[in-house]
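Below: the structure, in structure tokens.
The values are calculated or read from the model by the stated rules, or taken from the named source; none is laboratory data. Computed from a prediction, not measured in an experiment: that's the story for all the values here. Counting neighbours? That spans all protein chains shown, and the Cβs are built from the backbone with ideal geometry, glycine included. These area figures cover heavy atoms from the full protein model, side chains too; ligands, DNA and RNA do not enter into them. Shrake-Rupley method; radii C 1.70, N 1.55, O 1.52, S 1.80 Å.
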Amino acid sequence: MKRGVTKEEIIHATQELIARNGIRAVRVDEIAQTLGISKRTLYEMFTDKNDLVSACLEACLLYTSDAVDE
């Protein structure tokens, strides 16, 4: 199992899976498997899928805001 995965890595992987498969099709166990971590590890950082999706959206908004500011 991969140790030391960051929230940013989880968010990035989730964003890629959502872009590829759609938000409804992405499962938490698929995200964990993609990263080589357990669901427990993922749930230690995010309370549920909604929390993770919210973090993904927030990251997109921050990226867009930063791009506009440049």
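Listing for the model above:
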item	result
In the range 1-28, residue most open to solvent (accessible area, probe 1.4 Å) [restricted to those that are charged (D, E, K, R) and either in contact (Cβ under 8 Å) with a residue 60 or more places away in the chain or within 14 Å of VAL53 (Cα to Cα) (or both)]	ARG24
Filter result (of a type in the set (D, E, K, R) and within 14 Å of CYS60 (Cα to Cα)) within the range 10-27	GLU16
Filtered residue count, the range 29-54, keeping only those that are open to solvent by 30 Å² or more (accessible area, probe 1.4 Å), among the small types (Gly, Ala, Ser) and in contact with a helix residue (DSSP H, G or I) (Cβ under 9 Å, 6 or more places away or on another chain)	1
